[in-house]
Structure formats: structure tokens, C-alpha cells
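One structure below.
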Amino acid sequence: MTVPGSIMKIAALAGGVGAAKFITGLRRIIPEEELTIIVNTGDDFRWMGLYVCPDLDTILYTLAGIANADTGWGVSGDTFCALNRLHELGCDPWFQIGDRDLATHLYRTEHLTSGWSLSKVTRSLCVQNGIRIGILPMTDSPVPTLVHTNDGTLSFQDYFVRRKCTPAVKGFTFQGIDTAAPAPGVLESLAAADAVIVCPSNPFISIGPILGVPGIRSALRESSATVLAISPVIGGRAIKGPTASMLAQLGNEVSAAAVAALYEDFLDLFVVDREDAALVGRICSNGLRVQTAPTLMGTMAAKIELARQVVEILEREAGKQRGQTL
Ligand code: FO1
């Protein structure tokens with residue numbers, strides 16, 4: 001592990017695959033005990049009666065070293081005996097739950113049913129998987145995302161997996177978010193952080209629900225920590241998933257600049273890909289500083305390099321702030 005300069009406490013806001021890739025690099029750069037990951041739960045849903053938390057599990061499996069790198073979700077090398085049998089029984093196998101993945105959902109559902117909170121189950125899954133990094137669900141209460149589309153209002157996984165994000169999006173509702181509370185440790189980890197990193201995740205369906213939990217966005221706005229976001233859009237394209245099409249369908253320019261605008265009320269620093277260097281001048285405004293870095297994370301080396309550059313940017317920023325207070 002490389003520890004450049006001073007050690008800092010980092011809280012990361014994370015969705016699925018893009019966040020998991022970035023965190024894979026980040027854990028090689030900062031000590032694991034300095035990192036807390038606050039994860040979106042808006043895409044959680046019930047599958048055959050089981051409580052499935054796709055983004056939590058993507059982060060969990062990634063940190064446990066068992067994630068399926070080809071799909072970005074599920075367990076590497078998993079088998080699908082249970083799903084195949086369900087298919088034989090006449091069930092539509094539209095949502096591909098593997099056998100080892102199924103064990104996670106059985107474990108989680110059993111403990112939730114016995115009265116554990118989602119945070120407690122998640123902590124226990126971390127321990128069972130040998131993970132020392134803190135993984136926190138954004139909230140313990142279910143806040144399922146509804147996607148308003150040209151084909152009507154759809155549950156999130158219906159839109160995302162069954163319909164492959166094809167209906168045009170008109171907006172989102174995170175059901176029950178107004179009365180949801182941040183999970184234990186969420187506000188505390190934000191308050192204790194020297195830096196908060198918004199991972200390169202979809203701003204609407206991955207980061208949006210986290211920011212929607214009462215108290216989180218205001219904590220970021222009022223935070224003395226440096227708040228940095230990494231653009232999930234490179235050169236007007238999203239590497240994976242519907243970020244680019246959603247930006248367009250919701251009337252935004254498809255660019256890193258549009259993502260920065262969604263976060264501008266709480267952001268100190270925005271990292272865009274080197275390919276988007278021409279946007280820097282346009283995005284820099286109202287005190288928001290913009291840096292470029294190689295944000296495409298196709299290899300392990302690229303994930304580590306992006307994390308190294310982001311931590312370096314944060315350390316430079318911390319150095320500047322120390323200089324100002326002297
Ligand atoms: N995404 C798919 O596109 N197809 C699937 O069959 C699928 C199964 C699946 C099973 C477990 C899990 O944790 C995630 C799964 N995902 C699947 C991914 C997931 O639904 C989405 O990527 C996220 O909800 C968006 O972050």
C-alpha cells in the first residue's frame with residue numbers, strides 16, 4: 001500500500017460499478033481504517049421475497065475480492081442452479097441471481113426478518129467477508145426508486161434490468177425518503193472526514209438517493225471537509241449505464257459540466273477526465289475548482305492511478321487550507 005503525504009479520513013458516496021472500481025484503487029492508496037463508504041440503497045428490492053441490495057453487494061463483493069468483474073454485479077464464477085430450477089418451474093429469470101449471491105440475500109432477509117437493521121446486517125456481512133473498511137447503507141429504511149418514464153412509472157429494477165433502461169426517463173421518486181434518516185454512522189463519518197469523495201456514479205439514481213436522505217446534502221454543504229466529485233461522464237459519454245441518456249432525457253447537456261452543476265451547492269473540487277480539459281474554464285465558477293485526471297478505470301493500474309491523483313489533489317488542497325490558517 002502507498003500512503004502519499006499525510007493520512008486523511010475519507011468518506012465516499014458510492015453507487016454501483018463505477019464507485020466499486022474507484023474504491024478498488026483507493027483502498028490501495030489510503031489505510032483501510034481511514035475510509036468509510038456510504039452506499040446507495042435506492043435500487044434495493046424484493047426478489048422472490050428476498051431483500052436484494054445491488055449497490056451494497058457490488059461494493060461488498062468488490063472489497064471481498066469475489067466480485068464478477070465481467071458483469072459488475074454478482075459473485076465471480078457463480079452458478080445458477082437455483083435460477084435455472086426456478087425457470088423450469090415457470091418463473092421468468094429476468095433478474096440473474098446466482099447461487100452464491102442467493103446466500104447473501106437469504107442471510108440478509110433472515111436477519112432483517114429477525115429484527116436486525118440493514119446497517120447491522122451489512123456490518124455482519126463485512127465481518128463474515130473479512131472486510132475492514134466501513135460500509136454503511138445510506139439509510140436503514142427502504143426508499144425504493146421509482147422511475148417516471150414515457151411508459152409510465154416503473155420500479156427501478158423493472159426499468160433498469162427488465163427493460164434495459166430503454167423507456168425515456170422523465171423523473172424519479174425515492175419513495176419514503178422524506179421520512180428516512182441517515183443510517184447510524186453516516187452523519188458521524190461525514191463530520192469526521194477530512195475529505196468527502198463523490199464517486200464516479202450516476203448522479204440521478206446512485207448519488208441522487210444518497211443526497212436525498214434528509215440531513216446528508218446539508219451536511220455536505222456545511223462541511224469543513226473538502227468535498228470532491230469525480231465525473232462519471234467522459235467526453236460526453238458514460239462508461240457504463242444510462243447516465244448519458246438520462247442527462248439528455250432530463251434536458252441537460254451530456255457532459256461533465258452538467259454533472260458538476262447537479263452538485264454545485266456543496267462541491268469544492270470536481271475532477272474531470274483529461275479528455276475534458278477544455279471544459280475546465282466553464283465549470284470553474286463560484287469557488288468550484290476543477291482538476292483533470294485519467295478517470296477511465298479499465299485496468300487495476302488505472303484504478304490505482306486515479307485514486308493516487310485524487311488523494312494528491314486532496315492533499316494539495318489540505319496544504320493550501322493549512323497555509324491560509326497560519
Ligand atoms: N443487472 C443486470 O443488468 N441484469 C441482471 O440480471 C442483474 C442481476 C443482479 C443480481 C444481483 C445484484 O446485486 C445485481 C444485479 N444486477 C443485474 C445489477 C443491478 O441491478 C444494477 O446494476 C444496479 O441496481 C444499478 O446500480
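Numbers below:
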read-out: Filtered residues of the stretch 90-111 (kept if crowded, with 17+ Cβ neighbours inside 10 Å and away from the ligand (no atom under 14 Å from the Cβ)); value: HIS111
read-out: Tabulated pairs, the stretch 10-29, first part of a helix (DSSP H, G or I), second more than 14 Å from the ligand (Cβ to nearest atom), C-beta under 6 angstrom, 6+ apart or interchain; value: LYS21/MET297; LYS21/LYS303; THR24/LYS303; GLY25/LYS303; GLY25/ILE304; GLY25/LEU306; GLY25/ALA307; LEU26/ALA307
read-out: Boolean, PRO214 is surrounded by fewer than 22 Cβ atoms within 10 Å (Cβ to Cβ) and either more than 21 Å from VAL272 (Cβ to Cβ) or within 16 Å of the ligand (Cβ to nearest atom) (or both); value: yes
read-out: Residue match in the stretch 293-309 (condition: farther than 27 Å from TRP73 by Cα, of a type outside the set (Gly, Ala, Ser) and modelled with pLDDT of 95 or more); value: no
read-out: Selection within the stretch 33-88 - away from the ligand (no atom under 13 Å from the Cβ) and either closer than 29 Å to VAL196 by Cβ or within 18 Å of the chain's Cα centre (by Cα) (or both); value: GLU33, GLU34, LEU35, THR36, ILE37, ILE38, LEU63, ALA64, GLY65, ALA69
read-out: The stretch 243-258 - residue that is in a loop (DSSP other than H, G, I, E, B) and out of contact with any Gly (no Cβ under 6 Å at 6 or more places or on another chain) and, of those, nearest to LYS164 (Cα to Cα); value: LEU250
read-out: Any hit, the stretch 222-238, residues being more than 16 Å from the ligand (Cβ to nearest atom), on the phi > 0 side of the Ramachandran plot and at pLDDT 95 or above; value: no
read-out: Residue in the stretch 272-288 that is surrounded by the most Cβ atoms within 10 Å (Cβ to Cβ), counting only those that are modelled with pLDDT of 95 or more and assigned to a strand (DSSP E or B); value: VAL272
read-out: Odd one out for ILE133 among (1) over 12 Å from PRO242 (Cβ atoms); (2) in contact with a helix residue (DSSP H, G or I) (Cβ under 9 Å, 6 or more places away or on another chain); (3) without any contact (Cβ under 8 Å) to a residue 12 or more places away in the chain; value: (3)
read-out: Unique match (being crowded, with 18+ Cβ neighbours inside 10 Å, within 16 Å of the ligand (Cβ to nearest atom) and outside any loop (DSSP other than H, G, I, E, B)) among LEU146, LEU154; value: LEU154
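The values are calculated or read from the model by the stated rules, or taken from the named source; none is laboratory data. Owing to the predicted nature of the structure, the values given are computational and were not obtained by experimental measurement. Cβ: placed from backbone, ideal geometry, glycine included. Neighbour counts: every protein chain shown.
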